[in-house]
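Structure first, commentary second.
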Amino acid sequence: MSSEFKNQFCYVSTPEHQSTFYGKYIYIYTDKGQLSLTDDGLKFVGSKSNYSINYNEIKNIEMSNYSRIAKPFKLNFIKIVYTIDSIEHTVLLTPTSSGFTPVNKTNQLVNDCLSKLLEINRKIQNT
């Protein structure tokens, strides 16, 4: 696996958090940490949460953006829907360089990571 997304700084959120007053108006993220794309899947290690998602558990990958109320400049994220033990989960990932990275540069990193995930997902579906 290429090293372009090994230990990439990343913010994470959930649709549940985004539906709260706090998540919608005050702070859109639930955690920050390191995102890595590995041979088997993706891993997020944060201070409050950890995610380990195998590629074959992923049901949908798409890009969307946070509410303009919280982020007046369009900030993108990667929405990953995955299933573990027949239970569907959703996580929202925003890879970036730091909390001070301009939105346009963060959006480019989100796009790059999304492209890599979609490429990996296509390869897995074709095997």
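The values are calculated or read from the model by the stated rules, or taken from the named source; none is laboratory data. Computed from a prediction, not measured in an experiment: that's the story for all the values here. Every residue, glycine as well, gets a Cβ built from its backbone with ideal geometry; the counts of neighbours run over all protein chains shown.
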Some residue of region 53-66 being in contact with a Gly (Cβ under 8 Å, 6 or more places away or on another chain), of a type in the set (Ser, Thr, Tyr) and closer than 16 Å to Phe5 by Cβ: yes
Output for region 51-86, where each listed residue is farther than 18 Å from Ser115 by Cα, without any contact (Cβ under 8 Å) to a residue 24 or more places away in the chain and loosely packed, with under 13 Cβ neighbours inside 10 Å: Arg68, Pro72, Asp85, Ser86
Residues within region 99-127 that are surrounded by 13 or more Cβ atoms within 10 Å (Cβ to Cβ) and of a type in the set (D, E, K, R), tallied: 2
Residues of region 52-65 satisfying the condition of being at pLDDT 95 or above and hydroxyl-bearing (Ser, Thr, Tyr): Ser52, Ser64
Unique match (being modelled with pLDDT of 95 or more and basic (Lys, Arg)) among Lys71, Lys79: Lys79
